[in-house]
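Computed from the coordinates by the stated procedures, all read-outs in this text should not be read as laboratory data. Computed from a prediction, not measured in an experiment: that's the story for all the values here. Note that we place each Cβ from the backbone using ideal geometry, even for glycine, and neighbour counts take in every protein chain shown.
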Amino acid sequence: MSQELAARHGAWSDTPAPVAFVLQMMVVAEADVRKLLHDPAELFTRMLQPVLWLVVFAPVFSRTRAIPTGNLRYLDFMAPGILAQSVMFGAIFYGISLIWERDQGVLHKFMVSPAPRAALVMGRALSSTIRGLFQAVLVYLIAFLMGVRLRLEPWQIAGVFLGVMFGAAIFSTFSLVAACIVKSRERFMGIGQVLTMPLFFASNAIYPLSMMPGWLKVLAKVNPLSYQVDWLRALMVNGGHSVFGLGLDLGMMALALAVFVAIATKLYPRILI
Amino acid sequence: MTGLVRPAIETIQLTRRYDSLVAVDHLEFSAQAGSIFGLLGPNGAGKSTLIKMLTTLLPPSSGTAMVAGFDIVQRPADVRRNIGYVSQMLSADGDLTGYENLLISAKLYGIRGAERERRIREAFEFMDLTESAGKRVKQYSGGMIRRLEIAQSMLHRPEVLFLDEPTIGLDPVAKRSVWDRIRELRRGFGTTILMTTHDMEEADGLCDTVAILHQGHIASLGTPAALKSQAGPDATLNDVFILSTGASIDGNGEEGGAFRDVARTRRTARRLE
């Protein structure tokens, strides 16, 4: 079927639905990446926080020897947590771009397109993973310079990148859910601040689960960030291991992503109402 | 699309409520294929709500409509495949170039390869924007942005094109340029165009049929010439408007629109400056 003829039967009428879905998802991500390439400053400004944690906080805390990290130095224990945290902090504010694009009118163009809502949501998640990977490269570089004992085997690095992609996708879709509920930039900024700190501190990012009081341990075990950190700690640093098991880490990350994608897809049209 | 006997748009008891407010109240009208249908009404009359329902951005509270042969409630995805939409706000992305805006749109609608490049090139030529294709849209004038958006909405050759106040905030020269392109679209592609406007000259000169919406109902419907002759000798469309709504189009109406509508209109006007 020629494309002119396909156009007369409606867009994508000559393409299998799953293929169309993936391509539409990629277009959404492409739009975002193109904007990022025009103005990449955002990627570098995001680096300040992980640098502070790794350069200032970690060396000071290492001296206290108050946190039981097993056979890992505190710097090595913390580096995967800081990577996960920096990806989460970037992704959790991603929803504000949705509100901004709605206010600018840009979002309407995507919403009246034939792309299913789930493809729009997952396209944004994909775009967030690309930002996350860039952050991962920079955190790796800083960690290397700080003397973190990194594992540099290709499969381990690929595994770390997979964990980073999951984290970025999970927290960006979580952010989209929040954006669809609060709907205004001012309220979103408030909510973003409220969400990030509890997620960070109720996780194993900077101290192990074994140190936590019972109630906090329960929260940490339902926090997707804990599973992401656990996954990264096993794959990123020499001597690191998974407390939950890599299978459970991956399963929980996949489950969290599926839940947030489903909720965001359901709520997505509400952003315009 | 020529040769169709069914109306391109047909509403059936279409209703939208916001709590106790009935924005669109059991609306019944149809727009013939290949015609330009104008929707007039004071702010808050229900024009934007109606257009959002017809473009599937907003679900009706009750009733339905057929757009391009598909039910907006039962088959919204098919509707979206066959329509184009230019929102009242500026939907072109200022952070991307004109070319990138069209490229992303073409990809969203599954237009591929050489065909995609041909249509983009033709769209730039048609809208007289070829010289500016590589510039970021934030550097475009208001009229150029509107022409780009109309080009963007026509890339996939939709059967029905919705234009929500396409010339709001434009100077007279830019307005005429947009009007010329709308006429050429209808002539060249046989596209049915439904547009909302506050501009009497625009409605009179461009539209085959005009509906005046007031408090969610159609107060008057007909060709501009018929409506004027019914209103009396030497009556203008503005006279028809006043008779139908008890308000003047240029701002003496009591409704004035919701805060959000007014804010949106001002935002659009600012971006067009």
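Things worth noting here:
- When chain A is treated as a Gaussian network with alpha carbon springs shorter than 10 Å, the biggest mean-square fluctuation among A:234, A:254, A:41 belongs to A:41.
- Within the same chain, lysines fewer than 8 places from residue B:175 are excluded, and of the rest, those with a Cα less than 21 Å from its Cα are B:47, B:138.
- With all projection directions averaged, the alpha carbon convex hull of the protein assembly as shown covers 27.5 nm².
- Relative exposure of B:156, B:198, judged by other C-beta atoms within 10 Å (fewest first): B:198, B:156
- Dimensionless Rg/Rh of region A:17-272 - Kirkwood Rh, Rg from C-alpha atoms: 0.98
- Relative contact order (%) - criterion: Cα under 8 Å, at least six apart; region: chain B: 26 percent
- Each of B:165, B:201, A:153 was scored by other Cβ atoms within 10 Å of its Cβ. Listed from fewest to most, they are A:153, B:201, B:165.
- Of the residues B:195, A:197, the one with the fewest other Cβ atoms within 10 Å heads the list, and the complete ranking is A:197, B:195.
- Put simply, the amide H of residue B:220, placed in the peptide plane, has neighbours under 5 Å in B:212, leaving out anything fewer than 5 places away on its chain.
- Largest GNM mean-square fluctuation across B:31, B:225, B:114, computed for chain B with C-alpha springs under 10 Å, falls on B:114.
- With contacts taken as Cα pairs under 8 Å at a separation of at least 6 residues, region A:17-272 carries a relative contact order of 28 percent.
- Potential lengthening between residue A:66 and residue A:222 on full extension [0.36 nm per residue; Cα-Cα distance subtracted]: 53.6 nm
- At least 20 Å along the helix axis (C-alpha) and Kyte average at least -0.5, DSSP helices within chain A: A:17-38, A:74-92, A:117-145, A:154-182, A:185-201, A:246-267
- Near residue A:237, once Lys and Arg are set to +1 and Asp and Glu to -1 for all other residues with Cβ below 11 Å from its Cβ, the sum equals +3.
- Percentage of interatomic Cα-Cα distances in region A:119-170 larger than 13 Å: 61 percent
- Nearest-ten-degree value, helix B:172-189 long axis tilted from longest Cα axis of chain B: 80 degrees
- Here the Karplus curve 6.51 cos²θ - 1.76 cosθ + 1.60, taken at θ = phi - 60°, turns the phi angles of region B:106-116 into couplings of 4, 5, 4, 9, x, 8, 10, x, 5, 4, 5 Hz, with x standing for Gly and Pro.
- Those aspartates and glutamates that a straight Cα-Cα span of less than 15 Å connects to residue A:217, excepting residues fewer than 8 apart in one chain: A:230
- Residue-wise HN-Hα couplings along region B:43-49, as the Karplus relation 6.51 cos²θ - 1.76 cosθ + 1.60 with θ = phi - 60° gives them from phi, are 4, x, 6, x, 4, 5, 4 Hz; Gly and Pro carry x.
- Between residue B:226 and residue B:19, the simple spin-label model (points 7 angstrom out along Cα→Cβ) gives 4.0 nm.
- Stokes-Einstein translational diffusion, chain B - Kirkwood Rh over all Cα pairs, 0.890 mPa s, 25 °C, in µm²/s: 129 µm²/s
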